[in-house]
Amino acid sequence: MVNCSSSRNADDIERIVRENVAQGVHNFFITDDNFARNRNWESMFDRLIKMREEDGLRFHIVAQVDTMAHKIRGFIDKAGRAGVNRHHSTGTAHRLARVLHSHPAPRLG
């Protein structure tokens with residue numbers, strides 16, 4: 001489990017994921033309901049995407065997200081590519097659930 005507070009950056013996330021994947025942990029939960037408002041969200045997703053697509057790491061993410069995250073340009077696409085295949089919203093983000101379900105994260109391996 002990863003508590004992705006606003007003070008974390010892409011380097012922190014990469015270190016946490018790599019350390020845990022090396023120990024056999026492949027499922028993560030991001031518990032920051034303001035994650036989409038975090039100024040580092042895109043760089044964190046970009047790093048996770050690189051780890052999955054270029055480095056071949058296998059992991060999946062459940063993320064707690066703001067109900068309006070689907071309105072942020074690129075958030076849904078990057079979330080799926082970063083390994084987010086489930087979400088828990090702090091409200092009713094049915095559109096986010098539909099978009100993530102219709103564009104599942106790529107499966108590696």
**For Phe28, distant residues with modelled amide H under 5 Å away** = His60, Ile61, Val62
**Request:** List every residue whose amide H lies under 5 Å from the amide H of Thr67, counting only residues 5 or more places away in sequence or on a different chain, with H placed 1.01 Å from N in the peptide plane.
**Result:** Thr90, Gly91
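Sort 72-78, 19-25 by packing, meaning the average of other beta carbons within 10 Å per residue, with the highest value first.
Top to bottom by mean Cβ count within 10 Å: 72-78, 19-25.
Pick out, in residue order, every one of the GluC sites (Glu not before Pro) in the stretch 21-62 that is DSSP loop and has at most 11 other C-beta atoms within 10 Å; say none if there are none.
Listed in order of number, the matching sites are Glu54.
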**Prompt:** Modelled label-to-label distance, Gln64 and Val21, 7 Å Cα→beta-carbon offset: nm?
**Reply:** 2.5
**Asked** Which length gain, in nm to one decimal place, applies between Ser7 and Glu53 when the Cα-Cα distance is subtracted from 0.36 nm times their residue separation?
**Response** 14.0 nm
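Here, each number is a calculation from the coordinates, and none is a lab measurement. Just so it is clear, the structure is predicted and the values come from calculations on it, not from any experiment. All Cβ positions, glycine included, derive from the backbone under ideal geometry; neighbour counts span all protein chains shown.
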